[in-house]
Amino acid sequence: MPEKSSSPARGPRPHRLPPPPRPLPDLNFLAQIGSVLGLTLWKAFRDVKTWSEAEPEKRRRYFRPLTDVVRERFAYAKHEAPELEGPLATFSLLVQAPEAIDAAQIAAACEAVYKWAEERGMMLTALYFAEAVAYVQPDDPASANQAARTARRNLMRDRAAIWHYRAYKLAVKLKDKRKRTRETIWALIGYGAMMRDAGNYKEARRFTQRAATRAVGARRQKEAGMAFHDLFVIAVELQRFTLALKHARSAFNYYPVRHPSIPRLAHDLAFMLIRLRQFPAVLTILTKAILLMLQPVERAIAWSSLAWAAGGAGLRDRFRETERVTLELLPSHPDFAPAMFIHLAEGARALREWDRARGYALAAKESAVQTQSPTLEEEAAALLGYIERREPAPAQAESTSEIESLTALVLSRLDRWKAPGEQPGA
């Protein structure tokens, strides 16, 4: 179960390497995998942690020779997951001869289990073994950064912040300049993201701007694009839209031409343009971007955004088309129903279809209660009030040369974009 998280702290004192987080409770692990394989992996994780904490000359005393029961357990585990035969053999060797195995072998085995679990959507198990890699390689910033990213995917933000801060402190000590630069930037981006998720936008902007500056200076295009993308999101949250447009342009310019986040950035920009009432630009961008989005949930949200823009532009037939697709996709993404219903309500309100708009606003409010989304519940309630008072939506804004120029840049990037693994010209 994800940790209940308050706002992450600023981090440890400067120049002090923070210790890694304490291991997660054993029951969390056993709750996700309850089979013989789960029991074997849980015991392997504990053995790895014990090995990493023990003094080398005293490791032998913490492990006993394998019994027939343990050998049988390993055999059943290998039968259950034959793709983990190599890592399980390493974990078996660790118990039999802890003095004859090194950290690199154990880290490789834990990395294999991490990837295996991640591919199967077992993110809590993936976190245990991502952290195991970091425990057994305590001086490696890349392992700490990986643990941080996996903690964040498990919504353990405080834990992720600790790992990212540790990764940064480890990275700046590296003699390998290339690795030092890469891992420092990743740690800054990750820690900035933690601050943003916690609503600490001042600290988020500070860390993310440092990441962007370092990435640009080191000519690391991908990381620069990621940092400016995050700076864009922060600027939008602060409602500094002129600055957000600047960061969006930088992100599109720095992202490598086939980076997988380009369609997502296009939607993020389009949604900001909805707030600026720049509906023609939104329709132009989303019509192209929506076909390139790889994740079904991203496409579903984009269709609802497109419905809002169509209504805002006064395109009744286009609204009907996008409304139909959104309603078809909505049952598959119940967690995002509040936002999608709000988008539909806004589109209908812009067309002054008051009964339709009221129905969607009510649905948004009800689904926000069900999904425990208080911010969206408040937004839906406010929107419902506008609709019941028949207050028309703000009028479409005049376009600007900056919007037109940025739209042209986005379309150019989308035209050149290919999905990962897709060959150019395919």
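Every number here is computed from the coordinates shown, using simple stated rules; none is lab data. Small disclaimer: the values here were computed from a predicted structure and weren't measured. With ideal geometry, Cβ positions are generated from the backbone for all residues, glycine too; neighbour counts draw on all protein chains shown.
Calculated mean residue ellipticity at 222 nm for the chain: -22500 deg cm²/dmol, from DSSP H runs with n ≥ 4 weighted as -39500 (n - 2.57), summed, divided by the residue count and rounded to 500. For the chain, the longest principal axis of the Cα atoms and the long axis of helix 157-171 meet at an angle of about 70 degrees.
Full extension of the chain between Arg258 and Arg389 gives 42.5 nm of extra length, using 0.36 nm per residue less the Cα-Cα distance. Its alpha carbons give the chain an Rg and a Dmax of 24.9, 78 Å. Would you work out if the stretch 99-160 is rounded, prolate or oblate? Take a ≥ b ≥ c from the square roots of the eigenvalues of the alpha-carbon gyration tensor; rounded if a/c is under 1.5, else prolate when a/b is larger than b/c, oblate otherwise. Verdict is oblate for the stretch 99-160.
Partners of Lys202 within straight-line reach, counting lysines whose Cα lies under 25 Å from its Cα and excluding those fewer than 8 residues away in the same chain: Lys4, Lys169, Lys222, Lys246. Once you have all Cα-Cα distances for the stretch 172-235, histogram them in 10 Å bins from zero and send the whole-percent values. Going out from 0 Å in 10 Å bins, the stretch 172-235 shows 26, 52, 19, 2 percent. Take every Cα pair under 8 Å whose residues are at least 6 apart in sequence, average their separation, divide by the length of the chain, and the relative contact order is 10 percent. Among the trypsin sites (Lys or Arg not before Pro) found in the stretch 352-426, those both in a DSSP coil and sparsely packed, with 15 or fewer other Cβ atoms within 10 Å of their Cβ, are Arg352, Arg389, Arg390, Lys418. An oblate overall shape is assigned to the stretch 269-416, the ratio a/c of its alpha-carbon gyration tensor axes (a ≥ b ≥ c) being 1.5 or greater and a/b not exceeding b/c. Let me make sure I get this right: for the stretch 26-229, a, b and c are the square roots of the gyration tensor eigenvalues over alpha carbons, sorted descending. Under 1.5 in a/c it's rounded, otherwise prolate if a/b > b/c, else oblate. Which is it? It is prolate, given that a/c is not under 1.5 and a/b is the larger ratio.
Rounded to the nearest 10 degrees, the angle from helix 85-96 to the longest Cα principal axis of the chain is 40 degrees. Kirkwood hydrodynamic radius computed over the stretch 274-331 comes to 11.2 Å, based on all pairs of distinct alpha carbons. Net length available on complete extension from Lys177 to Glu72 is 33.1 nm, with 0.36 nm assigned per residue and the Cα-Cα distance removed. Mind checking the angle between helix 279-289 and the chain's longest principal axis? C-alpha axes, 0 to 90 degrees, to the nearest 10. Roughly 40 degrees between the two axes.
In terms of other Cβ atoms within 10 Å, Tyr255, Tyr201, Tyr360, Tyr76 run from fewest to most in the order Tyr76, Tyr201, Tyr255, Tyr360.
For the stretch 269-416, averaging the sequence separation of C-alpha pairs within contact (under 8 Å, six or more residues apart) and dividing by the residue count gives a relative contact order of 23 percent.
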